[in-house]
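Colleague: One structure coming up, written as structure tokens, with questions to follow.
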Amino acid sequence: METRGIEDMFDFHRFPKDPVVLLLLLIYFPVGICLMLIRIFVGVHIFLVSCAIPESFLRRFIVRVMCSVLGMHVRQKNPRSRDRNIKLYICNHVTEFDHNIFNLLTPCNTPQLEGSTGFVCWARGFMEVHSASGRAAIGESLQRYCSTEGTQPLLLFPEEDTTNGRAGLLKFSSLPFSLTESVQPAALRVTRPLVSLNTAESSWLVELLWTFFVPCTVYHVSWLPPVSRQDGESAQEFANKVQELLAGELGVVSTKITKSDKAEFIKRSRHPPAPAQSRTGVAPGSIGLGFMVQSLGTDDPRLAKMAQQVKDVLPHVPLSVITKDLAKTNCVDTTITNLLENKEDAEVEASGTSAYGASSVACLSSGPASAIKPAAKSFGKSPVDRHLSLQERKEALYNFARRRYIEKHGLKEEGGQ
């Protein structure tokens, strides 16, 4: 199986990007609205006719002609390849109405494995299956159905979700291929002018209205010869074989992308990640106190924000040390306490990772211990205590820098004052 970009397999925008086609759509728009209203009226009558006439060739012919008025045209290729003894049809999934199109060609049932039940399920042409018992129970129920004499064939879509039909096939589920030993593959191509066939997050009702809006939607069904499972071949291997066969017929690639991958991709598209950091890797706001700090080395914006909060309180500690401790504690207060209680370890580690850390450690160690008070002995439990501790540190650092300046230039302290 080939790898294909998941974004190529689905349409997320209804309208075309080509300015010429977009202009034609704007011109056609008033006509499309009128056509949609007329087709809604006609569609209600088609639904009533399909309910009144029992299943037969005459019913399929009448409904097929009336569906042409709705703009849904059906064409089939190699109808003689269809084996009437096969109890399971396998097809790729492009639109929400693929099963209705197949019912115009041959009697078959498509189970509703998830989604609405009751009247809506029946009105859409699905066979209701109790899916609350789990996939194993559904598989056993469908297997009994296929083994029962006199039942209509099942039509299943092993992709379990729709694609745009142009780039590739989703990975086939093994469930349909565990029901029978032989299947009848059918390749489906769908074409439509002006707008996309479907979008990733639209409902079936919205898709129906767009079907009524456009001039026509053409469904091309190509029947392939039946395929049987070989001895020792697992259900998933059988599924992969049929998937490759359909991909070759459609001229697309066979991918390992699943329905869950599509849902995750849509979720990420709906909630894009935070803006990336600059090329230097330094998070915004990480430059302060007159020096540069190192990058966090992490892509987690929450961890970066917490590390910057700790950096504001302990500017002499490199971000790499802060991030390493935050990864363990996941708490700003706990990390500050750990760094204050283990100041020597933090300074030793900082000497190998930060130029500022090395110079600050050297300066601090060169002066008398009593000359500077870098931090309180313990982390304050209240905001007032923490603020006082920070003020004491600032004052101590200022006195230390002032004293070093006086010693360097040979000034007297009274003159410096």
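Colleague: What number of residues within the stretch 225-265 are open to solvent by less than 50 Å² (accessible area, probe 1.4 Å), in contact with a helix residue (DSSP H, G or I) (Cβ under 8 Å, 6 or more places away or on another chain) and in a helix (DSSP H, G or I)?
Modeller: 6
Colleague: Further question on the same structure: Scanning for something at pLDDT 90 or above, more than 22 Å from residue 202 (Cα to Cα), outside any helix (DSSP H, G or I) and in contact with a helix residue (DSSP H, G or I) (Cβ under 8 Å, 6 or more places away or on another chain), does the stretch 76-83 turn up at least one residue?
Modeller: Taking every residue of the stretch 76-83 in turn, at least one turns out to be at pLDDT 90 or above, more than 22 Å from residue 202 (Cα to Cα), outside any helix (DSSP H, G or I) and in contact with a helix residue (DSSP H, G or I) (Cβ under 8 Å, 6 or more places away or on another chain).
Colleague: Out of all the residues in the stretch 41-73, which are open to solvent by less than 60 Å² (accessible area, probe 1.4 Å), closer than 19 Å to residue 192 by Cβ and not in a helix (DSSP H, G or I)?
Modeller: Within the stretch 41-73, 70, 71, 72 qualify.
Colleague: Now for a separate question. Name the pairs: first residue in the stretch 172-189 and closer than 13 Å to residue 154 by Cβ and in contact (Cβ under 8 Å) with a residue 60 or more places away in the chain, second residue of a type in the set (Gly, Ala, Ser) and crowded, with 20+ Cβ neighbours inside 10 Å, Cβ to Cβ under 6 Å, at least 6 apart or on different chains?
Modeller: 177/239
Colleague: Another question about this same structure. Give the residues of the stretch 81-127 that are aromatic (Phe, Trp, Tyr) and touching a residue at least 60 places away in the same chain (Cβ under 8 Å), sorted by residue number.
Modeller: 89, 97, 102
Colleague: Go through (1) among the aromatic types (Phe, Trp, Tyr); (2) open to solvent by 30 Å² or more (accessible area, probe 1.4 Å); (3) part of a loop (DSSP other than H, G, I, E, B) for residue 10 and report which single condition fails.
Modeller: Just one mismatch for residue 10, condition (2).
The values are calculated or read from the model by the stated rules, or taken from the named source; none is laboratory data. Model, not experiment: these values are computed from the prediction. Using ideal geometry, Cβ is built from the backbone for each residue, glycine included, and neighbour counts are taken over all protein chains shown. When the accessible area is computed, the model is the full protein with side chains, heavy atoms only, and any ligands, DNA or RNA have been set aside. Shrake-Rupley method; radii C 1.70, N 1.55, O 1.52, S 1.80 Å.
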